[in-house]
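Q: One structure coming up, written as structure tokens, with questions to follow.
Just so it is clear, none of the values below were taken in a lab; they were calculated from the coordinates. What you see is a predicted model; the values in this text were computed from it and never measured. Heads up, the Cβs are rebuilt from the backbone with ideal geometry, glycines too, and the neighbour counts pull from every protein chain shown.
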Amino acid sequence: MDTLSFSNDPEHVVEADRAHVWHHLSQHKPYETVDPRIIVEGKGLRVWDIKGKEHIDAVSGGVWTVNVGYGRERIGKAIADQVTKMCFFGGTMGTIPGAQFSEMLIDKMPGLDRVYYANSGSEANEKAFKMVRQISHKHHGGKKHKILYRERDYHGTTIATLSAGGQEERNAQYGPFTPGFVAVPHCLEYRSQDGSVGEEYAEKAAQAIEDVILAEGADTIGSLCLEPITAGGGIIVPPKGYWDRVQEICKKYDILLHIDEVVCGVGRTGTWFGYQQFGVQPDIVTMAKGVASGYAAISCCVTTNAVFEMFKDDTDRMSYFRDISTFGGCTAGPAAAIENMKIIEEEGLLANSTAMGVHLKDNLHGLMEKHRWIGDVRGMGLFAGAELVTDRQTKEPVDEKQVAAIVADCMAQGIVIGATNRSLPGFNNTLLFAPALIATKDDLDQVTDAVDQAITRVLG
Ligand code: PMP
């Protein structure tokens, strides 16, 4: 076979994919009879598959990544110009786009100072964990090494990030895990066990974190790693007061606050970063997906000067951060990220995310009035979830097969939405929406109209 002259003929592409590609998060058995779906083109919020079918993508590339939408020529050009001039230099050297993007990013993150480049969300989180461990060794005799994570949160796919993963279904069968990671309870007001709501619930959820710290011994805890709004675990927005208490607890016990902005970062919730919605001041922030909207792979682990300074000591040759990421030296990532950030600023996409987020939630609340299956609507900015239950009193989750059928029905209507799929057994029942930040009212109306029809067809 002449593999250099690959034919783009749809049948050939589908067969090559079926024969050789191992898809992420996929059971491949159905592909023996059903064609894998191949996406060939995108413009704005819309994508076309290899059979020519048009879709509105309400999940920004499936996994909430393409924040500025598809087909941005200026990002493509910036990448091409940069990599033609200087594609890569890794290790100890810097690059011009690396320096430029770090300056732009830090300008959006008051109180933070340093950007460490990597390639994926998982990797950025691993960097943060390694920083915490090294600080523990250097400054606390190795004792303050434990990393707290929260049930339902997700921080990545590697063994260490899964060790910090609060989603049982992602973790099952991949153990044994890395020691030194300890779970704290989640904060989903909708499923409050004792009927408390609002600030009372927030106080209890935060107190549950403090209880774990006291049980483990505060002098053994190095950091607390949380998503600002839990994404894949069900679009969980903590009630007012939660983040204030979390910040207070971290300060009280000298625990670094690491916020995972891999999903919420770069405009998704209507501010540059999700934590900025809650007035909280983290020590470490990790980000990936929307940083370059998927035009190039880039992630960042951003820290305060105080964290950075703990690695500066030329009397101890082991004290520098002894970590590397080969492709952290790629210039395509920061070159794309610079244009991505300019686009968000020039087109006012933070304000659009906020305004259109209100419209999206209004539409979902409208659906809630019509369909008894919707138990809760949550979200912030262009990031929303609708939790499906069989009974609003018992809050029994709708079966995940029916949830998947709703997603598939929308897909058949040309609308791509998501669900808390494969995250928590029994709780894969939240429909997810995270369109590009350019979404208009008309786009969102088309999305929720499709969901309306799908729910009627699948659940009645
Ligand atoms: N953190 C969060 C909150 C995520 O949702 C994800 C991915 N969905 C990750 C980390 C891991 O990112 P990546 O897949 O780029 O490694």
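Q: At 0.36 nm per residue, and after removing the present C-alpha to C-alpha distance, how many nm does the segment from Ile159 to Met104 gain when stretched out fully?
A: Full extension of this stretch gives 16.6 nm more.
Q: Another question about this same structure. Given the Cα-Cα distance of Ile324 and Leu25 and 0.36 nm per residue of separation, how much length would full extension add, in nm?
A: 104.9 nm
Q: So, one more: How long is the gain from Arg392 to Ser196 if the chain were fully straight, where each residue apart is worth 0.36 nm and the alpha carbon distance is subtracted?
A: Working it through step by step, the gained length comes to 68.9 nm.
Q: Something else: Sorting check: for 354-362, 227-235, 125-133, which peptide has the highest mean count of neighbouring beta carbons within 10 Å, and how do the rest follow?
A: Those peptides, ordered most packed to least, come out 227-235, 125-133, 354-362.
Q: If you place +1 on the Cβ of every Lys and Arg, -1 on the Cβ of every Asp and Glu, and leave all else neutral, what size is the dipole of segment 74-346 about its Cα centre, to the nearest 20 Debye?
A: 680 debye
Q: Further question: What aspartates and glutamates could a cross-link reach from Lys370, if we take a straight Cα to Cα line under 13 Å and drop same-chain neighbours fewer than 8 places away?
A: Asp362, Asp449, Asp452
Q: Oh, and also: Percent relative contact order of the chain, based on C-alpha pairs within less than 8 angstrom and at least six residues apart?
A: Computed over the chain, the figure is 20 percent.
Q: Here is a follow-up. Among the GluC sites (Glu not before Pro) within segment 1-107, which fall in a DSSP loop and have no more than 13 other Cβ atoms within 10 Å of their own Cβ?
A: Within segment 1-107, no GluC sites (Glu not before Pro) qualify (loop, at most 13 other Cβ atoms within 10 Å).
Q: Can I ask one more? Loop-only check: which chymotrypsin sites (Phe, Trp or Tyr not before Pro) in segment 80-118 are DSSP coil with at most 11 other Cβ within 10 angstrom?
A: In loop regions of segment 80-118 (DSSP not H, G, I, E or B), there are no sparsely surrounded chymotrypsin sites (Phe, Trp or Tyr not before Pro).
Q: Can you sort Val14, Val403 so the residue with the fewest Cβ neighbours within 10 Å comes first?
A: Ascending Cβ contact count within 10 Å gives the list Val14, Val403.
Q: Now a separate question. List, in the order given, every pair from Lys204/Lys252; Lys29/Lys401; Lys312/Lys342; Lys204/Lys251; Lys252/Lys312; Lys108/Lys204 whose Cα-Cα distance in the structure shown is over 21 Å.
A: Long pairs (Cα-Cα over 21 Å): Lys312/Lys342; Lys252/Lys312; Lys108/Lys204.
Q: Over segment 316-460, what is the mean sequence separation of C-alpha contacts under 8 Å (at least six apart), divided by residue count, expressed as relative contact order in percent?
A: About 22 percent, as a whole number.
Q: Hey, another quick one. Charges on Cβ only, +1 for Lys and Arg, -1 for Asp and Glu, centred on the Cα centroid of the chain; of Trp64, Thr354, Phe129, which one is farthest towards the dipole's positive end?
A: Phe129
Q: Filter the trypsin sites (Lys or Arg not before Pro) in segment 165-253 to those in DSSP coil with at most 13 other Cβ atoms within 10 Å of their Cβ, and list the result.
A: Here the sparse-neighbourhood loop sites are Lys240.
Q: Here is a further query. Using the Cα centre of the chain as the reference point, and only Cβ charges (+1 on K/R, -1 on D/E), how large is the resulting charge dipole? Debye, rounded to the nearest 20.
A: For the chain, the charge dipole is close to 600 debye.
Q: If you take every DSSP beta bridge whose two residues both sit in the chain, what share of them, in percent to the nearest 5, is antiparallel?
A: 65 percent
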